[in-house]
Amino acid sequence: MNSIKVAKLTLDGYANYGNLLQSYALQQILLNYADTVDSIWHSPDNFLPKIWWRWNYKFAAKFILNWRDFRTNILHGHIGCEMVRQGKLKDWADRHIHMRTDVKDLHTIADDYDHFVVGSDQVWNPCFGDLQQNFLQFAPREKRLSYAASIAAPEIPPEKLKLYQEGLSEMKAVSMREKEGAAIVREITGRDVPVHVDPTLLLTPDEWRAVSRPPAWYHGDDYVLTYFLGTMPDAVSEAARASGLPVVDLLDSSVYEHYVTGVDEFIWAIEHARLVYTDSFHGTVFSILFRRPFVVCDRKAADGASDAGNKMSSRIDTLLALFGLEHRRAPTESGYCIEDLFEMEYPAIESVLLHERMRADVYLRSAMNLS
């Protein structure tokens, strides 16, 4: 019997926990059906410690001479912190995700794999990414699959509508992550497609514990964890501090040991937090998986733009509704506060997870011609 080989495409990068976590999770799930699963890096190299050093001779001289504290600011300022942080994220990915970085033209590998899977994350967001690649148009139609793909936008721009119509219609099997995304697919193609949970929810807590470890900053004390990809509102800071517990803000670059938290440490930090305050989809996912008290807030753009929360809304709405946890959302109008911050009873979410894992299994077996 021939071995099954699968190639997986997602958004490339080492700056975001969620992207790497969903990439790893989908890899592990696909390994239940395939002998080989390769994650194909298909974007220009954006690993900060590499691209930062692509200087001309003037920058190199400034660094060597430490002209006007040039070297000091790099090594000890935000850029230095970010390089260390991305280095830790890449280290985890190198250890746990089988990445192919040698593919210059995706057409050259069209015959190397039995299936190509795109997902999860915002692979079909109209605002970024190479959509032709993410619609797998380099591969034969019968090999093009998605799992929990996300559009994460309320509508498709008119100038890209034809690309979406062709790309989605030519996929062998389509799976979306949000109900709104499935509705967009139906509207522009007439195709009814299933909605599946993010792949991070398909792995068990024990499977995640196997790739986690205590953060270097943890010394045994209880803490409130905050993780905001947008701007953290002042009300959140006040509520967290009012608890009397130390606050660990994972994206506060002024606190080096918190900012350079690795992926494995991120998983552990959520599981052991007394409370998680976040605007992150995956921050919410892992709070649910580990049954931690959490509050998820509307995302607020750094410039105060009002549509940041709206773009986040469909992902969070679908996730919370699935588990009956809508009451843990704190919108802008509420001042980002809810009652019973630390007291939280989880409904019987294990039955929901089992059901969703079975649905994903049925879909993938059918899409990969294994049923």
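The criterion of being modelled with pLDDT under 95 and more than 19 Å from Asn125 (Cα to Cα) holds for Lys50. Checked against (1) within 26 Å of Tyr363 (Cβ to Cβ); (2) among the hydrophobic types (A, V, I, L, M, F, W, C); (3) modelled with pLDDT under 95, Ala149 passes all but a single condition, namely (3).
Checked across the stretch 188-205, the condition of being modelled with pLDDT of 95 or more, farther than 24 Å from Ala360 by Cβ and not in a loop (DSSP other than H, G, I, E, B) holds for at least one residue. Taking (1) more than 17 Å from Arg177 (Cα to Cα); (2) crowded, with 18+ Cβ neighbours inside 10 Å; (3) at pLDDT 90 or above in turn, Ala330 satisfies each apart from (3). Residues of the stretch 115-138 that are more than 18 Å from Ser175 (Cα to Cα) and surrounded by 16 or more Cβ atoms within 10 Å (Cβ to Cβ): Gly129, Phe138. For the stretch 292-313, the criterion of being surrounded by 18 or more Cβ atoms within 10 Å (Cβ to Cβ), modelled with pLDDT of 90 or more, part of a helix (DSSP H, G or I) and not acidic (Asp, Glu) is satisfied by no residue at all. Just name the residue that is surrounded by the most Cβ atoms within 10 Å (Cβ to Cβ) out of those in the stretch 140-171 that are within 16 Å of Ser314 (Cα to Cα) and aliphatic (A, V, I, L, M). Here the answer is Ala149. Of all residues in the stretch 333-371, those satisfying the criterion of being surrounded by 11 or more Cβ atoms within 10 Å (Cβ to Cβ), free of Cβ contacts under 8 Å to residues at least 60 places away in the same chain, not in a helix (DSSP H, G or I) and not β-branched (Val, Ile, Thr) are Met344, Tyr346, Asn369. Do we have Val174 as closer than 29 Å to Ser351 by Cα, in contact with a Lys or Arg (Cβ under 8 Å, 6 or more places away or on another chain) and buried (at least 22 other Cβ atoms within 10 Å of the Cβ) here? Taking the combined requirement at face value, the residue satisfies it.
Being without any contact (Cβ under 8 Å) to a residue 60 or more places away in the chain, farther than 20 Å from Tyr17 by Cα and in contact with a helix residue (DSSP H, G or I) (Cβ under 7 Å, 6 or more places away or on another chain) is true of Pro126. When Glu180, Glu142 are checked against the criterion of being at pLDDT below 95 and either among the charged types (D, E, K, R) or not assigned by TED's automatic domain parsing to the domain that holds Arg359 (or both), Glu180 stands alone in meeting it.
The values are calculated or read from the model by the stated rules, or taken from the named source; none is laboratory data. Predicted model only: the values in this text are computed from it and were never measured. Here Cβ is always computed from backbone atoms with ideal geometry, including for glycine, and neighbour counts include all displayed protein chains.
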